[in-house]
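Comments concern the structure below.
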Number of protein chains: 2
Amino acid sequence: MGVTSPTAESLVVPCCPPITTSELSAEQAESAAVMFKALADPVRLRLMSKVAAAEGGEACVCDLLDVGVAQPTVSHHLKKLREAGLLTSRKQGTWVYYAVAPGALTSMAAILDASR
Amino acid sequence: MGVTSPTAESLVVPCCPPITTSELSAEQAESAAVMFKALADPVRLRLMSKVAAAEGGEACVCDLLDVGVAQPTVSHHLKKLREAGLLTSRKQGTWVYYAVAPGALTSMAAILDASR
DNA sequence: CCCATATGTTGACAGACGTCGATATCTTGG
DNA sequence: CCAAGATATCGACGTCTGTCAACATATGGG
């Protein structure tokens, strides 16, 4: 295990309206906070960036180990990003490839709105 | 005090390139994390939303107290959002009005990029 | 002037979080 | 099959964070 199940986690739900449009409900805020929490760490931001900027749209874990923390810590952060629905993972032989979940970044940007 | 100084905190620095464009450096990730950390809490997300969606673009603290936590906690969260550069504040008589810092949301959305 | 109202500050506490070393699991090559 | 490499899990530790009650500060009205 350790690889994203095909049915869940990779789905992109619209979640919330732009915060400039209407006040978020407690439930909407709770679910949006999960995504922002996932990016609220320098190491996870760098991991997201490495994956998002990788050619082919995916990166092997072995290419994500140079972020200044130990390997178990990298694994822990990747799990968080997966659980937040921001990354998907795919196992190929010995290696695991991570990719940005389709629509994840767009749906976060949508919450922020681009009109201010 | 307690009101945003006019010179700092409200400035919008571009901070970082889109994460899909190039890998974030440790320093860039650190400073971007400050902003995402600020939104990584349901209460703060609701506060941002209330301010952002307010008519006139600003809201009195007295209109921000119905988010399910005590008044000191609201004050604490507003301070965090101010320090992160996401909100500005203005004192008028007994009341303090909060507004979204110009460019703050846009600059966060820019980091996420809108191309995926 | 003093009191009610609005907002911020302080100190304390429980729980969440980031980090690591040790270890487990899985896969491939020999 | 067994050793080596890649990745995940576990358990522990220190630190950060959200929360509140109590208090402090400031403003305007009577």
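The values are calculated or read from the model by the stated rules, or taken from the named source; none is laboratory data. Treat the numbers as computed from the prediction; the structure is a model and nothing was measured. For neighbour counting, all protein chains shown are included, and Cβ atoms are generated from backbone atoms with ideal geometry for every residue, glycine included. These area figures cover heavy atoms from the full protein model, side chains too; ligands, DNA and RNA do not enter into them. Shrake-Rupley method; radii C 1.70, N 1.55, O 1.52, S 1.80 Å.
Counting only pairs 8 or more places apart or on different chains, how many lysine pairs in the protein assembly as shown have C-alpha atoms closer than 22 Å?
For the protein assembly as shown, qualifying lysine pairs total 23.
On a full-extension model of 0.36 nm per residue, what is the gain between B:Cys60 and B:Gln92, subtracting their alpha-carbon distance, rounded to one decimal in nm?
10.6 nm
About the Cα centre of chain A, how large is the charge dipole given +1 on each Lys and Arg Cβ and -1 on each Asp and Glu Cβ? Please answer in debye to the nearest 20.
Charge dipole of chain A: 260 debye, to the nearest 20.
With every protein chain kept in the model, how would you rank A:His77, B:His76 by accessible area, 1.4 Å probe, largest at the top?
B:His76, A:His77
Given the protein chains as shown and a 1.4 Å probe, how many square angstrom of A:Cys15 are accessible, to the nearest 10?
50 Å²
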